[in-house]
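Bear in mind these aren't lab numbers, they're just calculated from the coordinates by the rules spelled out. All figures in this text were calculated on a predicted structure; none of them were measured in a lab. Cβ coordinates were reconstructed from backbone atoms using ideal geometry, including for glycine residues, and neighbour counts include every protein chain displayed.
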Amino acid sequence: MSTRADNFTQTKLIPDLFSDFLDDLTPHPITKDVVRLKNEQSIKQALRNILLTNLGERRFNPNFGSDVNHALFEPNDIILQENLRNAITNSIRFHEPRVNLLSVQIYNYPEEDRLAVNLIFSIINSITPQNLNLILRRVR
């Protein structure tokens, strides 16, 4: 006989709330099925896709993406970093409703022609903060 407490006690593993396929659709080496990303990893891949896709790059969804790559060819100063922070924040808020963005940190490495972006966010209905690091490089 089950009690009322059994209905509220977690007896299973954490369910797969969010899932997605890998970008390159690589098959699993043993089962030959397409590999799935689950929960946090799925959302991190979605954020990476949003930030690394240029506006207008998707044919039937021209508003998807951000202008992050265009910022790499601008003079690197405080104004650029603030504009980049605003572009990242707006694109994530507009395209990813599963995320509460907590912080966007931008680090400048001018001698290596790159920017490091650190996103700190939490997934809705979760209190655990997540971290995503992106390295943006300028290709000459």
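Counted residue by residue at 0.36 nm each, then reduced by the alpha carbon distance between them, the extension gain from Asn125 to Arg59 reaches 20.5 nm. Rounded to 0.05, the FRET efficiency of the Glu112 and Arg48 pair, given R0 = 22 Å and the Cβ-Cβ distance, is 0.60. With kT/(6 pi eta Rh) evaluated at 10 °C and eta = 1.306 mPa s, and Rh the Kirkwood radius from Cα pairs, the range 16-137 diffuses with a coefficient of 102 µm²/s according to Stokes-Einstein. If the segment from Arg137 to Phe73 were pulled out straight at 0.36 nm per residue, it would be longer than the present Cα-Cα gap by 22.1 nm. Restricting the trypsin sites (Lys or Arg not before Pro) of the range 34-101 to loop positions (DSSP other than H, G, I, E, B) with no more than 16 neighbouring Cβ atoms within 10 Å leaves Arg58, Arg59, Arg98. Note on Lys32 and Leu102: with the Förster distance fixed at 25 Å, the Cβ-Cβ geometry gives a FRET efficiency of about 0.05.
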